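Take a look at the structure set out below.
The values are calculated or read from the model by the stated rules, or taken from the named source; none is laboratory data. Quick caveat, the model's predicted, so the values are computed rather than measured. Every residue, glycine among them, receives a Cβ derived from its backbone with ideal geometry; neighbour counts consider all protein chains shown. In case anyone asks, the SASA skips ligands and DNA or RNA and just uses the protein heavy atoms, side chains included. Shrake-Rupley method; radii C 1.70, N 1.55, O 1.52, S 1.80 Å.
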Amino acid sequence: MFDARATIFAKSSGSGRAGVSVFRISGPRAGEALEAFCGKRGEPRKAHLRSIRLQDGSLLDQGLTLWFPGPDSFTGEDVAELQLHGSPAVERALMDALVAFGLQPAAAGEFTMRAFEAGKLDLTQAEALADLLDAETEAQRRQALGQLGGRLSERAGEWRRLLLTALAAIEAGVDFPDEEDVPAAIETAAIQPLIEMLADMRQALGKAAGARTVREGLTVAISGPPNVGKSSLLNRIAGEERAIVSDRAGTTRDVLEIRADIGGQLVTLLDTAGLREDTEDEIEREGMRRARRAVAQADIRILVWDGEGQMPERGSADLLLLNKADLRNGGPPEGWTGLSVRTGEGWENFLMRLRNLVLRSAGIGDLTRERHVALVEYVVRELEPALSGHLPPELLGEEIRVVLRKLDELTGQLAPDEVLGEIFSSFCIGK
Ligand code: GDP
């Protein structure tokens with residue numbers, strides 16, 4: 001998908017004005033470019049303060065240069081890094097000069113793709129790098145860092161080892177079909193590792209929902225009759241918990257939505273107060289259909305009431321809040337948590353309950369993406385009946401070869417191009 005021989009460059013630091021902006025150059029001409037613009041390559045992996053000059057000798061900027069000769073670099077290729085002043089004018093001048101020098105602007109994720117191709121990281125680690133760059137919460141950071149460190153790769157390696165052990169036992173048995181106790185020997189030598197692997201896979205799958213919730217965040221819908229204090233509740237949470245501000249595509253109209261870090265987890269709170277029926281506007285109606293769907297699919301539902309009128313139906317609510325405690329004498333009815341958003345009475349108790357609900361549905365795990373879950377589920381689905389159905393050894397061996405190939409997709413040893421394309425294109429340019 002990428003031209004592996006071209007020398008590519010990109011700004012690897014963020015956008016906007018900054019003290020420093022970091023440019024990365026990777027490929028066979030990286031060293032030559034460093035010499036052309038900075039005079040020397042310099043000592044490997046040491047920072048040097050240099051004047052960066054254009055080809056006509058005029059000064060572009062002063063900055064730090066770093067030289068990472070391949071293969072001991074991020075991409076495995078020759079890599080040069082320039083740390084310049086972070087102004088748009090400096091950046092533009094450098095990029096123009098690098099293009100004029102014959103280097104190619106990098107595509108999104110191309111540095112990581114090259115690192116993957118050079119075997120510097122496997123596919124799960126490349127995914128983890130993308131997750132780490134996107135991490136907004138403590139749990140996301142820890143989960144991504146674990147995966148980047150090879151937690152899933154190692155687990156997949158262990159599954160692979162068990163499959164190969166089983167396969168070797170079967171092949172040994174198939175080679176000596178006449179010996180008497182071969183079936184029993186195969187039973188222990190081949191079936192045992194498979195049983196062990198399936199148990200570990202089931203354990204990983206059991207944690208997958210929590211892991212995906214850590215990565216993707218979870219939604220909390222706040223519903224209840226009008227005027228009970230839903231918006232006030234949301235505002236107070238946003239004011240006191242760390243509200244996460246980030247632009248996200250497809251913002252739902254007519255549902256007040258805030259993203260917050262609750263108990264170290266990414267939580268999107270939806271206030272359904274905006275759900276009105278009386279609109280003729282087609283776009284607005286579509287917005288509301290989506291909003292209702294979002295609420296229906298919320299991971300946690302909070303029902304708010306203020307004790308006035310009919311008690312609302314509990315439905316599938318996880319937490320019942322009786323607001324405006326300051327206007328009442330006596331405690332809330334059975335099952336309800338009393339609270340006054342206005343005075344703060346009961347606030348800590350409410351937050352504790354909310355945190356517990358959040359922590360119950362999120363938990364760090366190894367299968368962080370749908371892709372991982374689908375592959376592991378496939379292996380379990382294929383092998384489980386094969387084990388209980390007492391397949392002839394030849395067929396079981398064939399089955400193991402099939403799932404081994406599937407498992408190699410997990411770490412990318414055998415991943416189809418579409419899978420790779422999808423993963424690497426989700427990166428930003430410069431990564
Ligand atoms: P929503 O329609 O459910 O979103 O309710 P709002 O958040 O707009 O609140 C409705 C009214 O109740 C506003 O006038 C709030 O100031 C008031 N309110 C909210 N929380 C409390 C509370 O704890 N005590 C009292 N006394 N009033 C509250």
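So, in segment 291-311, exactly how many residues are open to solvent by 70 Å² or more (accessible area, probe 1.4 Å) and touching a helix residue (DSSP H, G or I) at 6+ places or on another chain (Cβ under 7 Å)?
Total meeting the criteria: 1.
Scan segment 418-431 residue by residue and report those that are open to solvent by 20 Å² or more (accessible area, probe 1.4 Å) and outside any loop (DSSP other than H, G, I, E, B). Explain how you work it out, then say what you get.
Keep residues of segment 418-431 that are open to solvent by 20 Å² or more (accessible area, probe 1.4 Å), which gives 418-419, 422, 425-426, 428-429, 431.
If the condition is that a residue be open to solvent by 20 Å² or more (accessible area, probe 1.4 Å) and outside any loop (DSSP other than H, G, I, E, B), then 418, 419, 422, 425 are the ones that fit.
Can you tell me how many residues within segment 77-114 are open to solvent by less than 30 Å² (accessible area, probe 1.4 Å) and closer than 13 Å to residue 21 by Cβ?
6
Just the residues that are near the ligand (Cβ under 10 Å from one of its atoms) and crowded, with 16+ Cβ neighbours inside 10 Å, please, taken from segment 323-337.
Matches in segment 323-337: 323, 324, 325.
Name the residues in segment 131-149 that are buried (at least 19 other Cβ atoms within 10 Å of the Cβ) and either assigned to a helix (DSSP H, G or I) or in contact with a His (Cβ under 6 Å, 6 or more places away or on another chain) (or both), would you?
Scanning segment 131-149 gives 131, 139, 140, 143, 144, 147, 148.
Looking for whichever is under 19 Å from residue 429 (Cα atoms), touching a strand residue (DSSP E or B) at 6+ places or on another chain (Cβ under 8 Å) and either modelled with pLDDT of 95 or more or not assigned by TED's automatic domain parsing to the domain that holds residue 111 (or both) here; the options are 95, 1. Which one fits?
Values: 1 fails: touching a strand residue (DSSP E or B) at 6+ places or on another chain (Cβ under 8 Å).
95 is the lone residue from the list that is under 19 Å from residue 429 (Cα atoms), touching a strand residue (DSSP E or B) at 6+ places or on another chain (Cβ under 8 Å) and either modelled with pLDDT of 95 or more or not assigned by TED's automatic domain parsing to the domain that holds residue 111 (or both).
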